[in-house]
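Below is one structure, written out as structure tokens; the observations come after it.
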Amino acid sequence: MVKETNKNLKTVNTEQTEIQLVWLSEQDTQYFAERLSKQLSLLAEPVNLFIELHGDLGSGKTTLVRYLLQALGVTGRIKSPTYAIVESYDEVRDASLKPLPVWHFDFYRFKDPLEWEEAGFRDIFAGPGIKLVEWPEMAESELPLADIAILIIANSDNSRTATVLAKTPSGNKVLSALS
Ligand SMILES: Nc1ncnc2c1ncn2[C@@H]1O[C@H](COP(=O)(O)OP(=O)(O)OP(=O)(O)O)[C@@H](O)[C@H]1O
Ligand SMILES: [Mg+2]
């Protein structure tokens, strides 16, 4: 595959926007996260966006989420929610400076569908906010349709190939402005 940097985003399909890019380093991941965060102001308020992150262990999902949270204005420590399943952030503001709740999920250790109700996950996905989800495969039967799916593959030279796909009109709005 031809190497591209973030500066050369390519739209494969205009109906359902799909972008393929190569991140040569974490700096490219950060650059993408910053660009993505800026597009969120295009969404109608209250902002409601669900981004699922696919990719093997160590592919770079948490790394992307960290840069995205920082780009959104999170300043404190960003923990990987591997054990807690979810970490929430309440300091992010939307374009009108209203609070924009953000959740970072990692369903790698999610097993009990009963926990879905009890932990309040159903309510979170039913309401507004930004939901960033690692290992959605582990909670597939519970999760609604994502707006954007990102697949990260680690290449042998340590670069990452990312495929970013819009699955809903909101996702399309965000991605078409990115490409
Ligand atoms: N674009 C990149 N280029 C080079 N290295 C990267 C890149 N993105 C992430 N890494 C490195 O890959 C390693 C694993 O990253 P990370 O923890 O984000 O993976 P993950 O996909 O969240 O894994 P898990 O499935 O275990 O949660 C880290 O050491 C990180 O620094
Ligand atoms: Mg992770």
Determine which single condition LEU132 fails, assuming it passes every other condition in (1) touching a residue at least 60 places away in the same chain (Cβ under 8 Å); (2) surrounded by fewer than 21 Cβ atoms within 10 Å (Cβ to Cβ).
(2)
Looking only at the stretch 94-115, count how many residues are assigned to a loop (DSSP other than H, G, I, E, B) and away from ligand 1 (no atom under 16 Å from the Cβ).
9
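Okay, residues lined up against (1) in a strand (DSSP E or B); (2) under 25 Å from PRO99 (Cα atoms):
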position	(1), (2)
GLU117	no, yes
PHE125	no, yes
ILE150	yes, no
SER156	no, no
THR161	yes, no
VAL164	yes, no
Residue by residue through the stretch 38-74, note down the ones that are of a type in the set (Ser, Thr, Tyr), out of contact with any helix residue (DSSP H, G or I) (no Cβ under 8 Å at 6 or more places or on another chain) and modelled with pLDDT of 95 or more.
SER59, THR62
Odd one out for ALA146 among (1) buried (at least 19 other Cβ atoms within 10 Å of the Cβ); (2) within 16 Å of ligand 2 (Cβ to nearest atom)
(2)
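Yes or no, residue by residue, for (1) in contact (Cβ under 8 Å) with a residue 24 or more places away in the chain; (2) within 16 Å of ligand 2 (Cβ to nearest atom); (3) closer than 29 Å to GLN27 by Cβ:
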residue	(1), (2), (3)
LYS79	no, yes, yes
ASP94	yes, no, yes
PRO99	no, no, no
GLY120	no, no, no
ILE152	yes, yes, yes
ARG160	yes, yes, yes
ASN172	yes, no, yes
LEU175	yes, no, yes
How about the stretch 36-62: which of its residues are away from ligand 1 (no atom under 16 Å from the Cβ) and either part of a helix (DSSP H, G or I) or touching a strand residue (DSSP E or B) at 6+ places or on another chain (Cβ under 6 Å) (or both)?
SER37, LYS38, GLN39, LEU40, SER41, LEU42, LEU49, PHE50
Hey, among the residues in the stretch 56-69 that are farther than 16 Å from TRP103 by Cβ and more than 9 Å from ligand 2 (Cβ to nearest atom), which one's surrounded by the fewest Cβ atoms within 10 Å (Cβ to Cβ)?
ASP56
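Please tell me if GLU91 is away from ligand 1 (no atom under 16 Å from the Cβ), over 17 Å from LEU57 (Cα atoms) and surrounded by 11 or more Cβ atoms within 10 Å (Cβ to Cβ).
Yes, satisfied.
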Where residues in the stretch 147-179 are over 17 Å from GLN39 (Cα atoms) and among the hydrophobic types (A, V, I, L, M, F, W, C), which of them is farthest from the chain's Cα centre (by Cα)?
ALA154
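The values are calculated or read from the model by the stated rules, or taken from the named source; none is laboratory data. Worth saying up front: this structure is predicted, and the values here are computed from it rather than measured. Every residue, glycine among them, receives a Cβ derived from its backbone with ideal geometry; neighbour counts consider all protein chains shown.
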